[in-house]
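> Got a structure for you, questions after.
Throughout, read-outs are computed from the coordinates displayed, never taken from laboratory work. Everything quoted here is computed from the prediction, not taken from an experiment. Cβ placement follows ideal geometry from the backbone for every residue including glycine, while neighbour counts extend to all protein chains displayed.
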Amino acid sequence: MEKLFLYKVYHFNKKLFILFVGFAILTLFCNLKGFEITPFYVWGMYSEKETAPTEYPVFKIMVNDKVVDYSTGYFPANRFFLLSPLSYYTDVKTVGDPLQPFLEKKLKSQYLWLKPYALRVLNSQKEIQQFPAWYERYLQQTTGEKIKSLKVDVLQTSYQKNHSIKINSVYNLIDEK
Amino acid sequence: MKNKNQEEFFSEKQMLFLCRLVFGVILIDLLFSAFSNTLIHQLQSPVLKFPYVDPTFWVMYLLRIPEFVSSNLYVGWFWDVILFISCIGVIIFPQKKWLIAVFIIFYFVYYIIFNSYGVHHTHSLIPFLITPFAFLFSKKSFSFAWQGLRYFLLFSYSAAFLWKLFRFSWLQSEQGILIMKKNLTPYLYFNPHSFLAHIYFWFLDNPVLVEIFFISGFVLEGVFIIGFFTRKYDKVLFFISLLLPFGFWFLADAMFYEMIVLSLTLLPVAAIARVADK
């Protein structure tokens, strides 16, 4: 018993003990419930079952008619900021912020209570429409190049038997001139 | 014979050494952020946010703090400069607790901005947000706080193991290959002839090896459970904690090198003392 970490903390300082136990309990609670409240983190780390998609989307970013190869030559955090918001934009562009239907479904009638606050937190149509202009500014910051034209296409790709990547279809996401 | 206190408690000098070491790593990461165009003033007033269902993010957005800091270039610059100054300040004056507190407050807002405007609640910045808290404690409490961080690290990897275990993803056919394809397709599309792409294509030709790689990572995460019961294998866990970020990078193109700061908590006091007391 004397060797236990929490036993030692308890005898050293009761307040510190309460802090540690409280943090541990809330972290365990959040993990059991499966929701994350910073700083009580859920460490999933690629634990969700992956299912084979029919296609893998690849963003083709064209700045001034030149392809930006974001997959090399950029720091991971830079790549994250180039791709993750873009990926989210493809989801919200036509249907709006998916968090709203998610909350309505989850909270049911209680959502009415939350609605005035939710509108301040969710992405509005105006913000969604501002995305291409922001993306252009951020790309300019990243590439250091004055952008005269920006085009982002989504290539729907799949792997062939020899593992080469084949483009099945293409659609345009952003076209700013 | 060693005094038991010397085995478990850090001296003032060792604590200050650890503080400098941790903030030194954070400073390097802040410099990486500058080269990555992800400091607040470089984000160009981002518009799409992702608070998800994390109440902490919601409170921050209801208070309009992330918008206020990220949408004004001067405020963004101010925030970044304070982040750098407080971090460098702690390295020079590690005993000044108020400097550490300032850094934590400013870094917390940076963390919220990075994760919400990056539109993914990545865990990579967490070690830099959590670890500085330990240095706010007094000398004797610090040793307990440092051990608390050790348990935080053990929990993070153990939880990753348990999530995989109970979600049965370790039994999912082609789990490793699918993770690899999901995250590396753009790289393989744009650079099919690079040396690294040849390695990936070779693994795609040998999918069993990718599954072995994934399962090995899963088992290695599970090994961290041992750390809750004994400190005898901490050196082994330290070594594994250095390997796992490499595995995440290779399989999922995800950088978790920040976790290495927490790995320091697996080093025995004697090992820290050998360097700090020189």
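> Give the average, rounded to an integer, of partner chain Cβ atoms located within 10 angstrom of each Cβ in B:178-186.
6
> Please state the charge dipole magnitude for the protein assembly as shown, taken about the Cα centre, from unit charges on C-beta atoms (+1 on K and R, -1 on D and E), reported in debye and rounded to the nearest 20.
Roughly 1220 debye for the protein assembly as shown.
> Compare A:Ala52, A:Ala118, A:Ala24 in a GNM of chain A, Cα atoms joined below 10 Å, and give the one with the largest fluctuation.
Of the options given, A:Ala24 has the highest mean-square fluctuation.
> Hey, rough spin-label estimate for B:Leu165 and B:Leu243, points 7 angstrom out along Cα→Cβ, what's it come to in nanometres?
Each label point is offset 7 Å from its Cα along the Cβ direction, giving 1.9 nm.
> Relative to the Cα centre, what is the charge dipole magnitude of segment B:1-136, using +1 at the beta carbon of each Lys and Arg, -1 at the beta carbon of each Asp and Glu, and rounding to the nearest 20 debye?
So the magnitude is around 260 debye.
> With label points built 7 Å along Cα→Cβ from the Cα atoms of A:Leu119 and B:Val223, find their separation and express it in nm.
5.5
> Another one. Strictly over 25 Å apart at the Cα level, which of A:Lys60/B:Lys181; A:Lys49/B:Lys181; B:Lys13/B:Lys97; A:Lys8/B:Lys96 would you flag in this model?
Check vs 25 Å cut-off fails for A:Lys8/B:Lys96.
> Per-residue Cβ counts within 10 Å, from other chains only, averaged over B:252-259: what number is that?
2
> For segment B:188-278, which chymotrypsin sites (Phe, Trp or Tyr not before Pro) pass both filters: DSSP loop (anything but H, G, I, E, B) and at most 10 other C-beta atoms within 10 Å?
Sparse-neighbourhood loop chymotrypsin sites (Phe, Trp or Tyr not before Pro): B:Phe229.
> I'd like the distance between the alpha-carbon centres of segment B:215-278 and segment A:45-87, rounded to an integer number of Å.
If we compute the Cα centre of each part, the gap is 29 Å.
> Picking from B:Gly118, B:Leu136, B:Tyr151, whose Cα lies most toward the positive end of the charge dipole for segment B:66-184 (charges on Cβ: Lys, Arg +1; Asp, Glu -1)?
The one lying farthest along the dipole's positive direction is B:Tyr151.
> With the radius of gyration and the Kirkwood radius both derived from the Cα set of segment B:1-136, what is their ratio Rg to Rh?
Reported Rg/Rh, Kirkwood definition of Rh: 1.05.
> Can you pull the one-decimal nm distance between simple spin-label points at B:Ile92 and B:Val53, each 7 Å off the Cα toward Cβ?
4.7
> Using only the Cα atoms of chain B, build the gyration tensor, take square roots of its eigenvalues as a ≥ b ≥ c, and label the shape rounded, prolate or oblate: rounded if a/c is under 1.5, else prolate if a/b is larger than b/c, else oblate.
Oblate, because a/c is 1.5 or more while a/b does not exceed b/c.
> Taking each full run of DSSP H in chain B as one helix, which ones are at least 18 Å long along their axis (Cα atoms) and have mean Kyte-Doolittle hydropathy of at least 0.0?
The answer, listed by residue number, is B:12-35, B:73-92, B:97-117, B:139-166, B:175-190, B:207-223, B:234-252.
> Would you work out which of A:Cys30, A:Pro53, A:Asn13 lies farthest towards the positive end of the dipole of chain A? Charges go on Cβ: Lys and Arg +1, Asp and Glu -1.
A:Asn13
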